[in-house]
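So the structure is just underneath, and the comments pick up after that.
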Amino acid sequence: MRPNRILIIQTAFIEDVVLAMLLIRQMCSFSPKVAIDFLVRKANECLLAKDARIQNILILDKKEKIKNLFKRIREVRKVYLDVIIDVQRVCSMSLLTLLAHAKVKIRFDKNSSSWSFDPTIAHSLADQVHEVDSNLKLLTSLTTVANLKLESQVSKATFDSNEKHKETPYLTAAAASKWKKKQLPAHKWIAFMEAIESQITVYMTVGSDNKKRGDEILQQISVKSLVTRMPERFY
């Protein structure tokens, strides 16, 4: 079956949306005329805003999660889809998928409601499979997965505006994490940045909710000219 309209669901963090973006290219390769809707959490829509392959971006505001969830459910139920690809493994997105009108509903097996989906795809953290490859397994019941590279579509103006950041050798440093247990202590970041060769520029990326942490790290770095804190949304 070559689907005409699909919905991809990934309402976790911004890096999780990036890891799911190859699904877009794979589906367009398999079915060039497919219309793709993508459901993301609020603030992550910027990743897809200039992507011509996306027909609609649906946004879930998790600050009002229950109210907004049912709003999105009503919105999705107005559309008849060929395929829903639920990349997440959470019950709220399973509920949305269950209530949606779709011929095929695909998700991973790591969920209490996976019994109601056909097909379900095995997911295991113990297999040491990259998350991009795990996500691509969701398409195996529809098509043969091609060897394609991950890509993001942005406007020419956005692309050109970022060219200035590549004039010298650089690296990026994500100095904050939603998961505090995975977050490297600030003094470790400071030591790392001060140990980098002087001809390399460091672009530090932090979200708006971690702005204070980013500013504190910048203030304690002795060679401030080497490090630039990028805007919360610079793409």
task = Output the residue which, of all residues in the range 70-87 that are crowded, with 18+ Cβ neighbours inside 10 Å and touching a helix residue (DSSP H, G or I) at 6+ places or on another chain (Cβ under 8 Å), is nearest to Glu131 (Cα to Cα).
result = Val87
query = Of these, Phe38, Phe13, Phe30, which one is surrounded by fewer than 18 Cβ atoms within 10 Å (Cβ to Cβ) and within 13 Å of Ile85 (Cβ to Cβ)?
reply = Phe30
ask   = Residue check: is Ser94 within 11 Å of Ile9 (Cβ to Cβ) and out of contact with any Gly (no Cβ under 9 Å at 6 or more places or on another chain)?
value = yes
ask   = What do you reckon, is Ile24 out of contact with any helix residue (DSSP H, G or I) (no Cβ under 9 Å at 6 or more places or on another chain), buried (at least 21 other Cβ atoms within 10 Å of the Cβ) and aliphatic (A, V, I, L, M)?
value = yes
inquiry  = With the structure loaded, tell me whether Ala174 is assigned by TED's automatic domain parsing to the domain that holds Gln220, surrounded by 13 or more Cβ atoms within 10 Å (Cβ to Cβ), touching a Ser or Thr at 6+ places or on another chain (Cβ under 6 Å) and within 30 Å of Gln220 (Cβ to Cβ) or whether it fails that test.
reply    = yes
ask   = Out of the range 156-171, which residues are of a type in the set (Ser, Thr, Tyr) and surrounded by 12 or more Cβ atoms within 10 Å (Cβ to Cβ)?
value = Thr158, Ser161, Tyr170
Single residue of the range 201-218 satisfying the filter (touching a strand residue (DSSP E or B) at 6+ places or on another chain (Cβ under 6 Å) and not in a helix (DSSP H, G or I)) that is modelled with the lowest pLDDT = Thr205
request  = Would you be able to say whether some residue in the range 177-192 is in contact with a helix residue (DSSP H, G or I) (Cβ under 8 Å, 6 or more places away or on another chain) and buried (at least 16 other Cβ atoms within 10 Å of the Cβ)?
outcome  = yes
message = If I filter the range 22-41 for residues that are over 17 Å from Glu131 (Cβ atoms) and without any contact (Cβ under 8 Å) to a residue 24 or more places away in the chain, do I get at least one hit?
response = yes
ask   = Within the bounds of the range 220-235, is there any residue that is surrounded by 14 or more Cβ atoms within 10 Å (Cβ to Cβ), closer than 30 Å to Pro32 by Cβ, at pLDDT below 80 and within 21 Å of the chain's Cα centre (by Cα)?
value = yes
query = Could you say which residue among Asn111, Asn68 is under 22 Å from the mean Cα position of the chain (by Cα), polar (S, T, N, Q), assigned by TED's automatic domain parsing to the domain that holds Ile9 and modelled with pLDDT of 90 or more?
reply = Asn68
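The values are calculated or read from the model by the stated rules, or taken from the named source; none is laboratory data. In this text, all values refer to a predicted model and were calculated from it rather than measured experimentally. Positions of Cβ are backbone-derived with ideal geometry, glycine not excepted, and every protein chain shown enters the neighbour counts.
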